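Shown next, in C-alpha cells, is the structure this report addresses.
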Amino acid sequence: MGVFDFSVIFDNLPFLLKGMQTTLLLTAVAMFGGIVLGTLLALARMSSFIFLSVVATSYINFFRSLPLILVIFWFYFLVPLALGRPVGGLYSVLVAFTLFEAAYYAEIIRAGISSVRSGQAAAARALGMSYAQSMRFIVLPQAFRAMVPILLTQGIVLFQDTSLVYVVGLKDFLVSAELIANREQRLIEMFSFVALVYLAICFSASQGVKILERRMKR
C-alpha cells in the first residue's frame, strides 16, 4: 500500500455525493427561507409601527449575537421538546439555519432598501400606490437587483457554515468524508479531497459573483 491511496475517494463516491446533496439542500433551503424571512424582518424593522420595529430589531440583534453552532444545538434539542415528538436532525437544522441566516439577510436587505432613493417611493405614492404596492413593485425590485452579489456572497458563507452540522451527527459532505476517513484510515486523502472540493466550489462561486457584479455595473 502506498503512502497515498486516493482510490478510496472513487470507491466511496456515491456516499460522498449523498453527503453533498444534504449540504446543498441545507444551503438552498436556508438561503431561500432566510431571504424571505429576512425581507419581512427588514420591512418590520423599518416600519413606523414601534412594536414591529422593536421586535424585528431584537430578533436580528439576538441571532447576530450568537454563534451558529449554539443555535444548531438549541434547535436540535428544543424543537422536539416544544413539539412533544422527535423531528429528526435534518428538520431541526433546517429551522436553525433559516432563522439564523434571516437575521443576516435582514440587515443586507435593509441596507438595500435604504439605498433606493426616497423619491422612488414618493413618486409611487403620488401615483396612488399604497405602501405595500410601492414596496412590491418599485422599491424591492430595485433593491434586490443591487443586492444580488451580496446575497450570493452570503450564500457562499452559508455553504461553508453547513459543515457545522457535524455537532448533531447529520451526514453532510464533511461528516460523510470523516466517516470514510476513520473507517478506511485514510484521513489525509479524504480531508485533502474535502478541502479541494470546498475550495473549488467556493472559489468558482466567488468568481461568478464578481463577474455578475461587473456586468450589473455596466
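The values are calculated or read from the model by the stated rules, or taken from the named source; none is laboratory data. As the structure is a prediction and not an experimental result, all values here were calculated from the model. Methodologically, a virtual Cβ is constructed for each residue, glycine included, from the backbone with ideal geometry; neighbour enumeration extends over all protein chains shown.
Among the candidates 162, 153, single out the residue that is closer than 24 Å to residue 97 by Cβ and touching an Asp or Glu at 6+ places or on another chain (Cβ under 7 Å).
Values: 153 fails: touching an Asp or Glu at 6+ places or on another chain (Cβ under 7 Å).
Selected residue: 162, the only one of 162, 153 that is closer than 24 Å to residue 97 by Cβ and touching an Asp or Glu at 6+ places or on another chain (Cβ under 7 Å).
Name the residues in segment 62-100 that are touching a residue at least 24 places away in the same chain (Cβ under 8 Å) and among the polar types (S, T, N, Q), would you?
Residues satisfying the conditions are 92, 98.
If the requirement is being at pLDDT below 95, closer than 26 Å to residue 161 by Cα and either part of a helix (DSSP H, G or I) or not charged (D, E, K, R) (or both), which of these qualifies: 19, 2, 38? I'd like the intermediate steps shown before the answer.
Values: 2 fails: closer than 26 Å to residue 161 by Cα; 38 fails: at pLDDT below 95.
Just a single option satisfies the conditions, and that option is 19.
Can residue 167 be described as more than 22 Å from residue 32 (Cα to Cα) and within 22 Å of the chain's Cα centre (by Cα)?
When the stated conditions are applied, residue 167 passes them.
Any idea which of 51, 4, 15 is over 25 Å from the mean Cα position of the chain (by Cα), in contact (Cβ under 8 Å) with a residue 40 or more places away in the chain and at negative phi? So that I can check it myself, show each step before the final result.
On the way: 51 fails: in contact (Cβ under 8 Å) with a residue 40 or more places away in the chain; 15 fails: over 25 Å from the mean Cα position of the chain (by Cα).
That would be 4, the only listed residue that is over 25 Å from the mean Cα position of the chain (by Cα), in contact (Cβ under 8 Å) with a residue 40 or more places away in the chain and at negative phi.
Taking interchain pairs and intrachain pairs at least six residues apart, which have beta carbon atoms under 8 angstrom, with the first residue in segment 114-134 and more than 21 Å from residue 146 (Cα to Cα) and at pLDDT 75 or above and the second of a type in the set (Val, Ile, Thr) and part of a helix (DSSP H, G or I)?
Between residues of segment 114-134 that are more than 21 Å from residue 146 (Cα to Cα) and at pLDDT 75 or above and residues that are of a type in the set (Val, Ile, Thr) and part of a helix (DSSP H, G or I), the close pairs are 129/138.
Run down 119, 88 and say which single residue is under 25 Å from residue 216 (Cβ atoms), small (Gly, Ala, Ser), surrounded by fewer than 19 Cβ atoms within 10 Å (Cβ to Cβ) and more than 13 Å from the chain's Cα centre (by Cα). Show your work before the answer.
On the way: 88 fails: under 25 Å from residue 216 (Cβ atoms).
Of 119, 88, the one residue that is under 25 Å from residue 216 (Cβ atoms), small (Gly, Ala, Ser), surrounded by fewer than 19 Cβ atoms within 10 Å (Cβ to Cβ) and more than 13 Å from the chain's Cα centre (by Cα) is 119.
Exactly one of these conditions fails for residue 194: (1) among the β-branched types (Val, Ile, Thr); (2) in contact (Cβ under 8 Å) with a residue 24 or more places away in the chain; (3) within 30 Å of residue 149 (Cβ to Cβ). Give me its number.
(2)
Name the residue, out of 173, 203, that is hydrophobic (A, V, I, L, M, F, W, C), buried (at least 16 other Cβ atoms within 10 Å of the Cβ) and at pLDDT 85 or above. Reasoning before the result, please.
Working: 203 fails: buried (at least 16 other Cβ atoms within 10 Å of the Cβ).
None of the others qualify; the one that does is 173.
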